[in-house]
Structures are given as C-alpha cells and as structure tokens.
Amino acid sequence: MTGAQIARSALAQRTVLPRASGAGRLWDLLFRIAMYGAIGIGMLALGTLLFDVARDGLPKLSWSFITSFPSRIRPEAAGIESALVGTILLMAITAVIVVPLGVTTALYLEEYADRTKWWNRLVEVNIQNLAAVPSVVYGILGLAFIVRGPLGLGNVLLAGGITLALLVLPVVIIVAREAIRAVPPSIREGSLALGATQWQTIWKQVLPGSLAGIVTGIILALSRAIGETAPLLVIGAAASPRFNPDGLFSDFSALPIQIFVWTQDPNREFVSLAAAAILVLMVVLLLMNSVAIWLRNRYEQKW
Amino acid sequence: MVRGALFAAALLSVLTTAAIVLSLLRETISFFGDVPVGDYLLGTKWTPLFSGDQQSFGVVPLVTGTLYLSAIGLLIAVPLGLLCAVYLSEYARPRVRRAIKPVLEVLAGVPTIVFGFFALTFFTPVVLRDFLGISVNQFNALSAGTILGLLVLPTIASVAEDAMSAVPASLREGAFGLGASKLQVTLRVVFPAALSGIVAALILGASRAIGETVIILIAGGQTANLGIDPTQSYQSMAAFIAATSRGDIPTGSIEYETIFVVGFTLFVITLTLNAASIRLVRRFRQVYE
C-alpha cells in the first residue's frame, strides 16, 4: 500500500467510528453548563461578598477610624486602634512561638525520625488530627490551661498569643515538612559526601533550600491566626477596650473580636463600622498573602 | 543532642493533644457527677443557663441543630464543590485553571467572621427576604447554612481536585482509546478512580462545617431549637461554646462545665470524621503511587 492509500483507509475508518449520539451530546452540554454554573456561583458569591463589605465599609474608612479607640455610644467617633494594635501584637507573639517550634518539629520528622518507630508515627498522626480540631476547642484549651488552671495567666495578650500559636502550629509543621521534602536527597548526599555532619547539612543546605516554602507557610498560618474569632471569644478577649495593650499581661482585643462586637450591635451605624473594620482586616490579609506569593515566585528553588 | 532537642519540639504537639483531652475530660467527668449521662445524651431540652426547674441539660437539640446546619451547608457545597473540582481537573485549560484557582484560594482565606457578617447583613435581608421573598427570622438556618456551604466549598473543591488530578493519565487515554466521550471518561473512569479521595474531601468538608462557630453564632441565632423549619433560629455546639464562654463565668460552676462537656462531644465527632478521612486518603494514595 502507498502512503496515500493508508491515509485514505484511515480516513474511511474514522468515519466508521461511532459519533457521540444526540442524547450523549445533550448530556455533555448539560454537564458543561452545570460546571460553568458552579464556577460562576462561586465567583459571584465572592464578588457579592466583597462588594457588600466595600459598600458598607468604604464610607466609614478614614485615618481617624484607624487611630481612634472604639466607642459604645458615638459611632462617628469610634475607631479600631486598640483592635488593630492587638491583632499586630498577637501576630508577633504567635510568630515568635510558632516559628521555632514548627520548623524544628518539621525538621525532626523529615530529617531524623525513623518511621518504623511507633512514637514517630504517633507524632505524625497526632499532627494530622490536631489540624482538624475545631478552633473553638483550642479556645477551650486556652481557657482551661492558659487563662486558668496550670498557667493561670488570666485573659491577657500572652494567653491569646499562645492559644493562636497552638492553633496554627499543625499548619506550619505540615507546610514546612512539604518544603523540606522538596529538597532532593542528592543535595543532602553531596553535602554528607564532602564531609559535612548531618546538622551542617541541614543548616547549610536543607534549610536555605526550603526557606521560601517555609516562610510562605508561616505567613499563611499567621494570616489564618489573625482571622480567628472563636478561640479569642472563648478565652475572653476584651470587647471594645479604650486602651492599647501595654505589655504581655495586659487585657487585649483583636480585629475579629471588634468586628463581632459591632456586628452584634442593634445600631446600624455600628454595623457599618464592622464593615469598615473588615476592610482593614482584609487589607492586612491581602498584604500578607501578596508577600507570600511574591516570596514563593521570587525564591522558589527549581531543582 | 540535636536529635533530642528536635524530638522535644515534636513532642509538644502530642502534649497539646493530651492537654486538650485532659482539660475536656476533667470538667466532663465533674459535669456527669451532677447530671446523669442519659439525661445529657437523650434529653431534648437544652436550657443550661436557666435556673431552677427550667434548667435542662439535654444535648439533642444542639447536636441536631449542628447536623441540620451542616447538612444545609453540604447540600450547597457538595454539588458545587465537586463540579468545580471536575472542571478544574478535567475540563479547564491551563490558563483558565491558573485564573480560577487563586479565586478559590482567596475564598478559602476569607475569615469566617466576614462570612458571618455577610450572612447577617446581606444574605438574610437582601437575598432571602427581598429577592426571594421568604419570610425568615433575623437569625435563621437557611442563611447560616447556605453561607456555611460557601465557606466549605473551596475545601471540598481543592481536596477533590487533588484526588482527581492524581488519577494517572493512562487511565483516561485508555478510555478515550476505546471511544469514550469526555463526559464518560470523567464520570465513569476518573470519578470512580478518585472516589476515596473525593469521599475524604466530603468528610473533611463536613468536619469543617460541624466545627464552625462564628457564622452560626452571628447568623444562625442562639436558641437551641429542635425542629426542621429552615426559617427559624438554631444553635450549634460550637456556637453555644463561644456564646457561653466570655471569660467571666466562674470556674467550677455548672455553666463552666457545660462548655467542656459540649466541647468534648464536638471533639469526639470531628476526631472520628477526621480519622475516617485520613484513612481514605491513605488508601487512594496507595493505589497510584
């Protein structure tokens, strides 16, 4: 057979192959419509949510809103200074606790742990389970162990920071482990072959290689921590304080708590303030996420 | 030396779990010293903060309220989330995919308090009352449940998409080679092959919905209601805990103990769901790697 003949017979055979029947094509169309609909509803919901918050909140947003203390009686003079300062301090405390603990745990599990030992498997399963514990339960833990009970700190800034740190610790560990695992074994073997100790290998090769991933994970975990309301409600964060926390053992508030308090207020003016506070919270989160994405794109190692 | 120090850090996560269980158990045991277990588990009236004869500790309305609100949420999130996952994994071109995934990530990163605000100030008054003309209570299950679904949607979509993307291309190519259409490949080859991962996504979504606090606290109301009318107000376990604990209730009082006993019930339910989900994910990973 010549090439032309092969091509002709192939073409002939293609027309013999069963075409999708009319009913099949109808189902295909319906399924596509359903999928586009689902994506559309998701986008529409997010769009509406942002629009609603912006419409209520933007008119209330001003420099004096950010630099005034909340007020229970005069919505026009109320602001979010104490809540914003509280949120920033909580984030700092959480970071100080969660970064060393999360990274060392991830290093242990990836670089040292022998997976055939039951205690290492226990740590692993335990972290997976902790990641799924509802945040309100961390609030109960904070109330029973940190605010009262063994630590007995009272409902102060440090107690809030520790509670949030425990809440996001599993997230940091899981993301840091993935980043460490992405460093190929050949890098470690090369370093060890040149005479480096295991710790030198980790410190000089593995950590620098996984740093972008780890930092991204930490930022995402912190942005989850500052958006949490339930645990702070349970441990008893202050509602609308007219002072900034002046130390680790001071009463505190946070943006989500302030938003919650204003949302519950029967006066519509305060509800609009809640929308403005949401905008501030979302801007903070957006900044953090942009930094995370930028870091990921700028420093991500391709092996 | 280094190894020991690192292990000590790893141990802290185990200690966290131990502390959670310990703190929950201690008050729970003390609670059951005052209230019989049967009255708690089977009682149908939940009024722990009332006094005298009006006080009752039946957890059934809280549990059914939690499940009811989660069911409404899942009714919305499961079909939408799975359709999004199928689209992203099987149909979307790489460029479209790169545009849509960040939107889902943004949705997943919105704090729950914002969803609560949206449910109370927009979804209930504007969408349900004005647009759809349903006469709902200011706090109602329909609004809280729907927005709960919106919260869970990205979780379900991303886990299910991971499961479907993990199905090897050779399975799809084999089916196409046999003359199957795109729809047949998706529904009869990819979907069943990824089923355990998809089920894990659903369980994870359910567990998130059950543990969610603030949306229900703000938009679902604070009355432990035993019924199925979606226009009425309901309370969930997590919302009860947050509403009752404000840092000023006396240690050892019965109100204080109810927080822990409800917290323990919630902890057991979510832990069971999570264990099931971990097991399923492990199974679907074993098949193809």
Checklist entry - Extent of the range B:127-251 along each principal axis, from alpha carbon coordinates, in Å, largest to smallest? => result 66, 43, 21
Next on the checklist: From the phi angles alone, apply the Karplus equation (6.51, -1.76, 1.60; θ = phi - 60°) to the range A:70-87 and give each ³J(HN,Hα) in whole Hz, x where the residue is Gly or Pro.
Outcome noted: x, 10, 8, 10, 10, x, 5, 9, 7, x, 10, 3, 5, 5, 5, 4, x, 4
Checklist entry - How large is the helix-only mean residue ellipticity at 222 nm for chain A, computed as the sum of -39500 (n - 2.57) over DSSP H runs with n ≥ 4, divided by its residue count, in deg cm²/dmol to the nearest 500? => result -23000 deg cm²/dmol
Item to check | Taking N as its residue count, the alpha carbon Rg of the range A:64-299 over 2.2 N^0.38 Å | outcome: 1.17
Checklist entry - Applying the Karplus parametrisation 6.51 cos²θ - 1.76 cosθ + 1.60 with θ = phi - 60° to the phi angles of the range B:178-185, what ³J(HN,Hα) value in whole Hz is obtained for each residue in order, glycine and proline being reported as x? => result 7, x, 6, 7, 3, 5, 5, 4
Checklist outcome for this item: When chain A is treated as a Gaussian network with springs between alpha carbons less than 10 Å apart, the largest mean-square fluctuation among A:101, A:29, A:233 is found at A:29
Next on the checklist: For Cα pairs less than 8 Å apart in space and 6+ apart in sequence, what is the mean separation divided by the residue count of the range A:175-282, i.e. the relative contact order in percent?
Outcome noted: 19
Item to check | For q = 0.16, 0.17, 0.18, 0.20 Å⁻¹, Debye-computed log10 I/I(0) when each Cα of the range B:1-147 counts as one equal scatterer | outcome: -1.08, -1.10, -1.12, -1.18
Checklist entry - Over its Cα atoms, what ratio of radius of gyration to 2.2 N^0.38 Å does the range A:33-95 give? => result 1.67
Checklist entry - If we count every other residue with Cβ under 12 angstrom of residue B:86's Cβ, Lys/Arg +1 and Asp/Glu -1, where does the sum land? => result 0
Item to check | Shielding of B:264-273 by partner chains, average beta-carbon count, 10 Å | outcome: 2
Checklist entry - Convex hull over the alpha-carbon atoms of the range A:171-253: what's its volume per residue in Å³? => result 129
Item to check | Charge dipole (chain B, unit charges on Cβ, about Cα centre) - positive-most of B:237, B:33, B:72 | outcome: B:72
Item to check | In the range A:39-93, trypsin sites (Lys or Arg not before Pro) in a DSSP loop with at most 13 other beta-carbon atoms within 10 Å | outcome: A:72
Checklist entry - With chain A treated as a Gaussian network of Cα nodes joined by springs under 10 Å, which of A:244, A:267, A:289 yields the largest mean-square fluctuation? => result A:267
Next on the checklist: Can you tally the net charge around residue A:241? Count Lys and Arg as +1, Asp and Glu as -1, for every other residue whose Cβ sits under 15 Å from the Cβ of residue A:241.
Outcome noted: -1
Checklist outcome for this item: For the protein assembly as shown, the Kirkwood Rh over every pair of distinct alpha carbons, in Å, works out to 25.9
Checklist entry - From the backbone phi of the range B:224-236, what are the Karplus-calculated ³J(HN,Hα) couplings (6.51 cos²θ - 1.76 cosθ + 1.60, θ = phi - 60°) in whole Hz, Gly and Pro given as x? => result 6, 10, 10, x, 10, 7, x, 8, 9, 8, 9, 10, 10
Checklist outcome for this item: What the Cα atoms of the range A:125-194 span along the principal axes, largest first and in whole Å, is 53, 24, 17
Next on the checklist: Quick query: amide H of residue B:56 versus all other amide H atoms, modeled in the peptide plane; which residues come in under 5 Å with a sequence gap of 5 or more or a different chain?
Outcome noted: B:47, B:50
Checklist entry - In debye, nearest 20: dipole of the range A:64-299 around its Cα centre with unit charges on the Cβ of K, R (+) and D, E (-)? => result 320
Checklist entry - Dividing the Cα convex hull volume of chain B by residue count, how many Å³ per residue is that? => result 186
Item to check | Gaussian network model of chain B, springs between alpha carbon atoms under 10 Å - residue of B:65, B:43, B:220 with greatest fluctuation | outcome: B:43
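Every read-out reported here was derived from the displayed coordinates using simple, explicitly stated rules and does not represent laboratory data. Just so we're clear, the structure is a prediction, and the values are computed from it rather than from any experiment. Glycine also receives a Cβ, built like all others from the backbone with ideal geometry; neighbour counts cover every protein chain displayed.
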